[in-house]
Amino acid sequence: MVDWASLLQSLANGILIAGLYAAVTLGLTLVLGVMGIVNFAHGELIMLGAYSSFWLFTLLGIDPLLSLALSGVLLFFIGTGIYRFTIWPIMKDPPLNQLLLTLGLSIFFQNLAMILWKTDSRTIITSYSGMSLDLGIIHFGLTRMITFLISVVLTVLLVVFLSKTKPGRAMQAVSENNTASWLIGINVEKTYLLAFGVAAALAGAAGALVSTVMYTFPMVGFKLSLKAFCILVIGGLGNIPGTLFGSLILGITESFVGTYIPEGSGWAEGISFVLLIVILIIKPTGLAGTRRE
C-alpha cells in the first residue's frame, strides 16, 4: 500500500531543494553559455557569499535573507576583478588553459578560506529557523520555503535581464557568435566582463541562501559545484531552462533516495555522480538541451 504522506512529503522536499540547486547553478550556466568557459571556481564564489552572509549576521546582526543583495554586490566586484586580472588574459588560449586556471582559482580560494576562517563549520540560527508551515499532510520548513521562493525570483530576474535589457541581449548575441557581435558594434570584452560579474553576483546571492540551510565551511562550494555540474549535464550545457529541469531531477531524486533506500541519506549525497554517468551514457547532450561545442 502506498504511503501517500511519505510520498508527497518526499516530493515536496525534493522540489524545495531543487530551488536552491537552481540558484547555485545559474551563474555557472551563464558563464558557460556566454563565454564558453567551465568555471571550476564558481563553487568557491558561492562559499565566499555564504561567509559574507555569515559575518554580516554575526557581526552586524543583518538577517541573511536581507544581506543577500549585499553578498551579491560584493561578489559582483570580486568577480569582475577575477575576470579582469586572471580570465581575460587567457580568453584566447586553448580551453584546457582556461579550465586549469579556474581549477587553480578554486584551490586558492579554498585554502584562503581555511587560513582566514579555519575549517570549522558555521551556521546561522535566526528567529524563524525552526518554524514550519503545514499544508495538510505535508510539512515545509519555513527557511527552505523562503529559500525556494527567492531562488525562483533570482531565476526570473536573470531571464528578464537576458531577454529585456540591452546588456542581456548583448550577452545572448555574444553567446551565439562573438565575431559577428563584434562586427555589429557589441563590445565583446565588456560583455564578457559583465557576464562574469553577474554570474559572481548570482553566486554570492546563492551563497547567502546556502548559509541559511547548510553549514558554511571552506569546502561547501566544492560540494555544491559537483551537484551543479551534474545539473549542467542533465539540462544541457549553458541552457537556463535546462538548469531548472536538471535541478528538479536531481533534487527529487535525492529526496526519494534518502527516503526509500536503506541508509539513503548517504546514498543521496552521491546520487549526482550516478545520474551524471547514466546521462553521459544515454544522452551526452543532456535531457533538455544541446551540448555546447
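The values are calculated or read from the model by the stated rules, or taken from the named source; none is laboratory data. These figures come from a predicted structure and were not determined experimentally. With ideal geometry, Cβ positions are generated from the backbone for all residues, glycine too; neighbour counts draw on all protein chains shown.
Flag: residue 193 does not match the condition of being at pLDDT below 95, out of contact with any strand residue (DSSP E or B) (no Cβ under 6 Å at 6 or more places or on another chain) and at negative phi. Taking the range 147-172, which residues are in a helix (DSSP H, G or I), β-branched (Val, Ile, Thr) and more than 16 Å from residue 24 (Cβ to Cβ)? 156, 159, 160, listed by residue number. Of 221, 235, 204, all but one fail to be out of contact with any strand residue (DSSP E or B) (no Cβ under 7 Å at 6 or more places or on another chain), more than 24 Å from residue 123 (Cα to Cα) and modelled with pLDDT of 80 or more; the exception is 235. Among the residues of the range 95-124, none is identified as assigned to a strand (DSSP E or B) and either at pLDDT below 90 or surrounded by fewer than 13 Cβ atoms within 10 Å (Cβ to Cβ) (or both). Per this entry, residue 199 is counted among residues that are under 16 Å from residue 243 (Cβ atoms) and in contact with a His (Cβ under 9 Å, 6 or more places away or on another chain).
Within the range 159-173, the set of residues being of a type in the set (A, V, I, L, M) and under 23 Å from residue 23 (Cα atoms) comprises 159, 160, 162, 170, 171. Would the range 125-135 turn up any residue that is surrounded by 12 or more Cβ atoms within 10 Å (Cβ to Cβ), under 27 Å from residue 82 (Cβ atoms) and polar (S, T, N, Q)? Checking the range 125-135: not a single residue is surrounded by 12 or more Cβ atoms within 10 Å (Cβ to Cβ), under 27 Å from residue 82 (Cβ atoms) and polar (S, T, N, Q).
Residue-wise test of (1) under 23 Å from residue 168 (Cβ atoms); (2) of a type outside the set (Asp, Glu); (3) part of a loop (DSSP other than H, G, I, E, B).
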| site | (1), (2), (3) |
| --- | --- |
| 24 | yes, yes, no |
| 44 | no, no, no |
| 49 | yes, yes, no |
| 57 | no, yes, no |
| 62 | no, yes, yes |
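Applying the criterion of being touching a strand residue (DSSP E or B) at 6+ places or on another chain (Cβ under 9 Å) and at pLDDT 95 or above to the residues of the range 12-54, the residue that is surrounded by the fewest Cβ atoms within 10 Å (Cβ to Cβ) is 51.
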